[in-house]
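What follows draws every value from the coordinates through simple rules; no lab data is involved. All of these numbers come straight from a predicted model, not from anything done at the bench. No Cβ is skipped: glycine too gets one built from the backbone with ideal geometry, and neighbour counts run over all protein chains shown.
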Amino acid sequence: MTTRTVLLLSGPNLNLLGEREPEVYGRTTLAELVDAATAAASELGFDLEHLQSNHEGELVDAIHAARGRIDALVVNAGALTHYGWSLHDALAAFDGVVVELHLSNPQRRESWRSTSVVAPVADGVVAGFGAAGYPMAVRAAVGLLDAR
């Protein structure tokens with residue numbers, strides 16, 4: 001039996017979670033969020049891989065490498081969500097499920113955050129649920145895969 005895999009991508013500054021603007025993003029660290037996502041994937045019979053990068057090109061390379069190997073992507077692109085057109089193009093070329101993820105609700109924040117270049121190529125969006133959003137996004141991705 002082949003193991004199915006979800007790739008969780010974390011964009012710029014997410015390595016500072018737990019310290020950076022806890023009133024917006026909470027006090028949960030990225031490592032704790034990845035652990036919660038990994039547990040959710042495992043419960044559903046999936047592996048979870050994670051990559052955090054402050055560099056857009058590294059995230060694009062990871063998406064390219066995921067083609068034909070990864071079943072679903074969960075992407076918290078951070079600020080790249082709003083202007084990372086190379087991410088948009090790479091995600092558009094990915095043939096699996098894509099779920100956009102945000103800890104906060106971008107629609108309730110500064111107006112520039114309401115634009116997403118990821119959303120048009122995502123199958124769904126999980127936003128505003130804080131730390132609970134990470135396992136939710138994994139479950140959503142697997143649910144969308146199962147519906148295909």
Kirkwood-type radius of the chain, with distances r between different C-alpha atoms, in Å: 15.0 Å
To the nearest 20 debye, what is the magnitude of the charge dipole of the chain about its Cα centre, counting +1 on the Cβ of each Lys and Arg and -1 on the Cβ of each Asp and Glu? 260 debye
